[in-house]
1. Amide H to amide H under 5 Å from Leu68: which residues, 5+ apart in sequence or cross-chain, H placed 1.01 Å off N in plane?
2. Roughly what would the spin-label model give for Lys74 and Phe19, points 7 Å off Cα along C-beta, in nm?
3. Tell me, what is the percent relative contact order of the chain, built from C-alpha pairs under 8 Å that lie six or more residues apart?
4. Report the gain in length on full extension from Arg121 to Leu12: 0.36 nm times residue separation, minus Cα-Cα distance, nm rounded to one decimal.
5. Please work out the Cα center distance from segment 84-156 to segment 189-207, rounded to the nearest Å.
6. Order by neighbour count: Thr180, Thr212, fewest other Cβ atoms within 10 Å first, most last.
7. To the nearest 20 Debye, how big is the dipole of the chain about its Cα centre, given +1 on the beta carbon of each Lys and Arg and -1 on that of each Asp and Glu?
8. Checking the a/c ratio against 1.5 first, then a/b against b/c, what shape does the Cα gyration tensor give for the chain?
Amino acid sequence: MIQYIFLGLFVLASVVHLFHSWSDDPKRRYSKPFLLACLALYYCFAAHEINWILVAALVTSWLGDVLLIPKGTKWFVAGGISFLICHIFFVFVYLPQVVWQNAIWWIVIPAAIVYYGISLRVTLSVKKNVPIMVLIPMILYLIMNSTMNLFALMQLMSLRSAGSIVAYIGAVLFFISDCTLYLVRYHDNKNLIFKKHFTVMLTYLAGEALITIGMLMVQNA
């Protein structure tokens with residue numbers, strides 16, 4: 001029962017955060033620390049056996065959220081590094097389910113080209129506005145997010161289940177969120193992304209939630 005309390009708190013905190021994000025209200029910072037904390041607690045109480053690597057991924061996501069609350073390039077880079085580590089943990093969450101012989105390479109390779117190509121395109125579109133101390137971590141981060149998505153895809157190919165599908169959709173939304181974040185922060189056209197912070201956080205929260213729920217479905221099956 002307690003897991004549903006934390007899931008409800010995650011949904012409530014997300015609604016409050018998205019409400020303030022819609023109007024670009026600075027009050028959104030107050031709900032941010034509760035988002036991934038509630039999701040991580042939901043996972044811990046819902047899992048039959050806790051996967052501590054997944055917990056580590058959620059905790060580093062939470063830390064990234066907290067580090068991005070203050071304004072400034074150094075905080076942005078620190079938050080990005082925390083999220084990069086989070087994606088590494090997610091890769092190791094998917095890895096045990098991956099059977100390399102089941103990977104459909106004529107899908108994986110084009111998917112890799114698409115993911116890495118989008119990452120390069122996003123980076124090039126904002127390059128002139130990005131401080132040099134941010135540019136290299138940005139590239140590494142999007143490469144790692146792309147790699148995380150590819151492992152989620154290979155997990156789906158190896159373990160064709162509802163949980164794998166849900167987790168992969170979550171991974172895609174996480175990738176969309178990160179690409180959107182860079183465009184919101186650094187692109188010349190400030191109206192390029194609809195409702196900026198709302199769009200970034202909607203895709204991010206949905207992505208994290210679906211990855212977590214999907215992996216719960218895989219573990220508890």
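Values in this text are rule-based calculations from the coordinates and carry no lab data. Not measured: the values here are computed from a predicted model. When we count neighbours, we look across all protein chains shown, and the Cβ atoms used for this are built from the backbone with ideal geometry, even at glycine.
1. The answer is none.
2. 3.6
3. Rounded, it is 21 percent for the chain.
4. Using 0.36 nm per residue and subtracting the Cα-Cα distance, I get 35.7 nm.
5. 20
6. Thr180, Thr212
7. Computed about the Cα centre, the dipole is about 660 debye.
8. Here the chain falls in the oblate category.
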